[in-house]
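Below is one structure; the comments refer to it alone.
Quick note: the coordinates plus some simple rules give every number you see, no bench work behind them. None of the values given here were measured: they were computed from a predicted structure. So basically every Cβ, Gly included, is an ideal-geometry build from the backbone, and we count neighbours across all protein chains shown.
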Amino acid sequence: MFEFFFKYPIPVFTKGRWVLLGSWPGWLLPVLIVASVVGLGWLIRSRLSEAAPIMHTWRAGTIWLLQSLLVTLVLILLWRPAITVAELKSQQNMIAVLVDDSRSMAITDSGDDGKASREAAAIRSLNAGILAGLQKRFQTRVYRLDGGIGRVAKVDDLQPTATATHINDGLKQLAAETADLPVGAVVLLSDGGENGGGVDLETISALRNRRLPVHTLGFGKEQTKHDIEMEDVNLASRAMADSRMKATVSFRERGYSGGKTVLAVRDGDKIVTSKDVTLGPDGTIQTETVFFNAGSAGVRRVQFSLEPLGGEENVANNAMARLVSVSGDRRRILYVEGEPRWEYKFIRRAAEDDHGMQVVSMLRTTENKIYRQGISDPQELADGFPVKAENLFKYDGIIIGSVEAGYFTPRQQELLREFVDKRGGGVLFLGGRFALSDGGWGASSVTELVPTFLPSGKNTFHREPATAQLTAAGAESAVTRLVDDPAKNVERWKKLPYMMDYQEAGAPKPGATVLAEMNAGRAKLPLLVTQNYGRGRTAVMATSGTWRWQMNQALGDPTHDLFWQQLLRWVAADSPGRVVASMPVQRLMDDGRVHLSAMVRDKEYVPAPDARVVAHMIGPAGASALVDMRPVPNNAGSFQAEWTAEKPGSYVVEVTATRGTEELGRDVLTFERTDGVAENFHTEQNRELLEKLSSQTGGRYWKAEELRRLPSEISYSEAGISVRDTKELWNMPIVFLMLLGLMSAEWLLRRKWGVI
Amino acid sequence: MKLFQATIIAVIAAVCCTVGSAYQRTADWGYQPEQSNVKAEFAWSRLSYNSNLGSMGYRGYGYGRWATWQRDYPKADRQFLIALNRLTRIQGRPTEQVVNLDSDDIFNYPWVYAVQVQTWSFSDEEAKRLREYLLKGGFLMVDDFHGTADWENFMNGMRQVFPDRPVEDLENKDEIFHVLYDMDDRFQVPGEQYIRTGRTYEKDGYVAKWRAIRDDHGRIVVAICHNMHLGDAWEWADDPDYPEQFASMAFRVGLNYIVYGMTH
C-alpha cells in the first residue's frame, strides 16, 4: 500500500536524504512560498467586502488555506524534489544470514499452529522465499549462531543443540571475520536469548562503523502461559562455618497466580531448608527470603529450586545454584570489659559454642588487675589494650563493654576509630554503668563511632526491667533472626524474658538502622542499632541484661546464644583481610573468561603497591595454573589479572601477596563455569533485544507477515558495495492525488456555500 | 527449799544456755534480716534449702533455730560483701539475697552459696531446678561440712541433682585458683572453734578438699569446699582472736570463686 502511493518502499524515505534538483536557488523557494501565501491572504481580504456575506466568516480562511497549500505544493514541485539513497549493487554484495541454533530454539511454540520448533520455523522462513529472494540480488552466507558463529553449508543441516547463545560475540566475530568482504547487511533469525547479558556498545560500534544494518527476525512466544522462572538469587559468596546465611530469591510466574509451591534450598542432595510459597500476580517479580546454615568449611554449591507445578512449559528454569566459600577460619573479637558482670560471662559462653568465633577478652577485675581470657599466647594483651595498629588490627571485631572512654588514651581512641574506618572492622558498644553516656563516650573523640546521638547527661543506665521487640528492619535482619519464619520471629522476640537493665542510648543517627527496641516503663528506646562507618560497621546494644534470656528460659533454649552468636558474627564476619580477592561474577555462563582483582594491604592496612601478588587457579580434573597479578595504575594496592577457565566446573582461586620474604596475606575465592544452563532461562522471545539491536544498527525487526518484503528492502544499505541513487518525487501518485484533492476540495466547498 | 531448787534449776538452765550459745557464738540466731531492695550487678545469694533433719522435727526453710542453711548468716555474707566491693570492681549489693529452689526466682541470681550441705534434701522438682540452674550458667559454692559422714550426706543430695557427673579434686593449676589471686598455697581454713580448740579440722575432716563438678564444657559449676569453714572465717574476720591468715585465705577463695563464676 505504501509503495502504491509513494512509489518507493519505506527504507528509501527513512534512509535517504532529501534534495532539490531544480537549478533555481533553494532559498528562493521558501521566499516564494511565504510571498504567495501572504499575497493570497491580502487578495482574499481585500476582496472580501465585495464577496457574498456568507464568506464573511471562517470560510474565507479555509479558502485561503487550501489555495496556499496548492501554491506551496506546486512551487515545491517546480524545484524538483528528490531523495538520494544508498543502494547495494546487485550481485556484488553479500548478505550474512545468522541462524540461532541454541537449545532454546528447540522449544515448540512457533509456526502457524504454534507447535513447530523455533528452529524449524526459522528454516521454513528462509526456505519459503527469503533466501531465494536474497540470492537473486546478492550472494548469501548462512552462519549458525551460538557461542560464536560458524558457516553452514545447508540451512536444513541446522540443529538446535548448542548450549549457549552469544549474539554479542557472534556479531563481533562476524564483523571481524568479514572485515574485507562486501557484506551489505546481516539477517539474524533468533529468539533473542542472549546468555551474555546483552549486546555491548563495542559490538554496536563495530557494526555502525561499517554501517552494517542488522535485520532481525524473532521466533518464539513473547510470553509463556504456564511457567515459573527463577530470576535471581542474592547470596553472599563467602560465609563463616555454621553461620546463618540469608538468601533473597526472586522469581516470576505466569499462569499460576495464587497457587502454592515449595521453595527448597539444597546443599548437594540434602535439603537444608524449605519454605511454602504462595505465588503472586502474573508476570511480577516475587521475592522470598530464606535462612539456612552455611554448614562446615569448604566450597558449597547451594541450589535454590521451586517445585514444578502441573502443566509447566519449562521446568529447567525452576532452579538456580550459587557457590559459597565457607571459611573455617575463626574470627577473633577483642572484648574490653571494665567490670565483672553477668553479661560478660554469658556473652563469652555463647561465643564459646561458636567454633567460628574466638572472643579474646580483657576484664578489669580490680582497679589494677586485668584478667585475660581466650588469648592465643601469654603475651597477648599482657600490656593491656593495644597501642599499635598492627596489634589491634589483628582482630576482626571489638566489643566495648562497661568501660569508660577515659580508660583509653587519645592514641588508643584514634586506633579504635581507624580500626573501623581503615581496617574495616566492627565495633559493638554495650550498655553498662560505665558505658555510653555514663562512661563519657558521648564527649569522647570517637563518639562518631556510636550509631546514636548519646544523651549529654549521665545516669542513663537503669537497673530496671525492659522488654525487647523487633523493628521492621529487625524483622528482616539475619542478626535478630531467632526462628526462620519472619512473623514467628517477631512474636518470639516479644516473648523473650525481660532484660535486667537498660540504658538510654539516644536517637539513632541518620543512616543508622534500629533493629530492636525496648519497652522500659512507658518509654520505647533503641536497643540494638547498627550503622556503617568507613570500611567497617558499628553497633550499640543498650543493655547488659540479656543474660536473663539464658537463665530464665527452658534449659536448652538457644535464643540467647543464637542471638549473640549472630550479633558477634555481624561484628566480625565481614571484616576484610589484608588481601581481598574479587571477581565481577562468580558464575560464568558458557564463558570462561575470568577477570580477577585483588586489594592488598600491609599489617597496618595501608595499601601495598609494592607487593608481589600471585593467583593460584585450581580447576576441575586437577587443572592448575599460576597467574601473576599486575598492579593497577593510579590505584595503590590494587592488582588485576585475566585468565580463561577452559572447562566447565568449579574453580578455587588462592591469591597470595608477599613483600620480600614476608607474606602479607592470602585470600581464597571460588567461581564456577557452567555451560548450557543459561539457555534454560528467559526462553521467551526477547523481542526487546532484537528490536534494539536492529534499530541501533539501521536495520529493522521484521514480523512474519512482512518477511516477503525483506529481500527487496534490505538492499537500501550503505554497507558493502553500494551506489547512491537519486529518486525524483514529483511523479509519486500521492502528489497528483494531493493536487487533485486540494482543487476538488475548494470547488466542492464553494459549491456547498453557493459562491460559484 | 522449793525456792532453792528452783534457783538451782534456773542457774543450771542459764549455764547450759550460756555454754550452748558460747559454743556456737552465733550472735544472730533467730534473726530475720530484711531483704535488700538495693539494685546492683551482683547479689550474694544464700541457698535456703530443705533440711534432712526432718526426723528431728526441724525440716523446713524457715528461719528457725535449726535451719542449717543460715549458719553464719547474715554477718558472714555482709562482711564478705564489704570485701567484695572494696577489693574488686564488681558492683555488689551491700546485703545478701536468700534464694530457694521452690521458685524460679533463683534464676535471677547466677551465683549461689550454700553451707551445711550435709543436711540438705531435695525433692525431685528441687533437684531438677538446681540441675537446670547449674547447666544454664548458674554457679554453686558449698562450704562448711566436714568429714566422711557429711560428705556422704552431701553427695546424697548432689546425686539427685547430677546422678552421673563426677566430682573431681581441683589442682593448683586450675583457673579458679588464678582468676583473681594466685592461690597455689591454699590451706585448711577452720571455723571459729579454732580459737578455743586450736584445731583446724572438725569431725574426721583432717584435710581440706578443694573439689568441683564441671559442666560439659569443663567449666566448674559446683565448687565444693569440704573440710573447711570459709563462712566462719568471713564472719569472724573482725575478731582479734581469729587468725588473720585464715580470714585472708577465706576472702581470697570467695573472691576467686565469684570472679570465676562471673567469667566462665
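Numerical summary
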item: Likely footprinting exposure, B:Trp120, B:Trp151, fewest C-beta neighbours within 10 Å first; result: B:Trp151, B:Trp120
item: Cβ-based charge dipole, the protein assembly as shown, positive-most Cα from A:Ile130, A:Leu235, A:Ser744; result: A:Ser744
item: Sorted peptide list for A:264-274, A:171-181, criterion being average Cβ within 10 angstrom, highest first; result: A:171-181, A:264-274
item: Translational diffusion of segment A:485-531, µm² s⁻¹ [Kirkwood Rh, Cα pairs; Stokes-Einstein; 25 °C; 0.890 mPa s]; result: 206 µm²/s
item: Rounded, prolate or oblate (a/c below 1.5 giving rounded, otherwise prolate when a/b exceeds b/c) for the protein assembly as shown by Cα gyration tensor; result: prolate
item: ³J(HN,Hα), Karplus 6.51/-1.76/1.60, whole Hz, each residue of segment B:219-234, x for Gly, Pro; result: 7, 5, 10, 10, 9, 10, 9, 9, 6, 7, 9, 5, x, 5, 4, 5
item: Space enclosed by the convex hull of the alpha-carbon atoms of segment A:155-258, per residue, Å³; result: 192 Å³
item: Net charge dipole size for segment A:541-679 [Lys, Arg +1 and Asp, Glu -1 on Cβ; Debye, nearest 20]; result: 320 debye
item: Shielding by partners - mean other protein chain Cβ count within 10 Å, residues of B:258-264; result: 6
item: Over chain A: helical MRE at 222 nm, DSSP H runs n ≥ 4 each giving -39500 (n - 2.57), nearest 500; result: -7000 deg cm²/dmol
item: Packing rank of B:184-194, A:634-644, where each peptide gets the mean count of other beta carbons within 10 Å, highest leading; result: B:184-194, A:634-644
item: Prolate/oblate/rounded label for segment B:40-261 (Cα gyration tensor, a/c 1.5); result: rounded
item: DSSP beta bridge pairing in the protein assembly as shown, given as percent antiparallel to the nearest 5; result: 65 percent
item: Partner chain coverage, peptide A:360-366 - average Cβ within 10 angstrom; result: 4
item: Span-like helix ranges in chain A, DSSP H, alpha carbon extent 24 angstrom or more, Kyte mean at least 1.0; result: A:28-47, A:58-78
item: Prolate/oblate/rounded call for segment A:513-567, Cα gyration tensor, a/c under 1.5 rounded; result: oblate
item: Protection proxy ranking, peptides A:434-444, A:467-477, B:163-173, average beta carbon neighbours within 10 Å, highest first; result: A:434-444, A:467-477, B:163-173
